[in-house]
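What follows is calculated from the coordinates using simple rules that are stated; it is not laboratory data. Here the structure is a predicted model, which is why all the values come from computation and not from measurement. Counting neighbours? That spans all protein chains shown, and the Cβs are built from the backbone with ideal geometry, glycine included.
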Amino acid sequence: MSKSKKALNIALVALFLGSGIGFTGCSGVSEEEMAQLEALKSEVSALENQVTDLKSEKAKLERDIAERKANLEKCNQHKEQLKSNLNKLNK
């Protein structure tokens, strides 16, 4: 074998070994990373619960607003009826 082929073979072997070591290091998950993942999962869960609570509160407020608008409309109708009756009395 010539020197260039030996060098190429050595380089390829080194590349494969380096890649294998690199992939092995990347594929494993450390305890610290798992702890961070669990913390993130807990945070996501808490935020999802908060979103659910806020949506519930929003729905309650929207019902309250609709009720107040209906009450306001009823009051306006009553007010108009009273104005009409007063105008009839003044004539």
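Modelled spin-label separation between A66 and T52, with each label point placed 7 Å from Cα along the Cα-to-Cβ direction: 2.3 nm.
Take the Cα atoms of segment 27-70, build their convex hull, and give its volume per residue in Å³.
Given the Cα convex hull of segment 27-70, per-residue volume reads 45 Å³.
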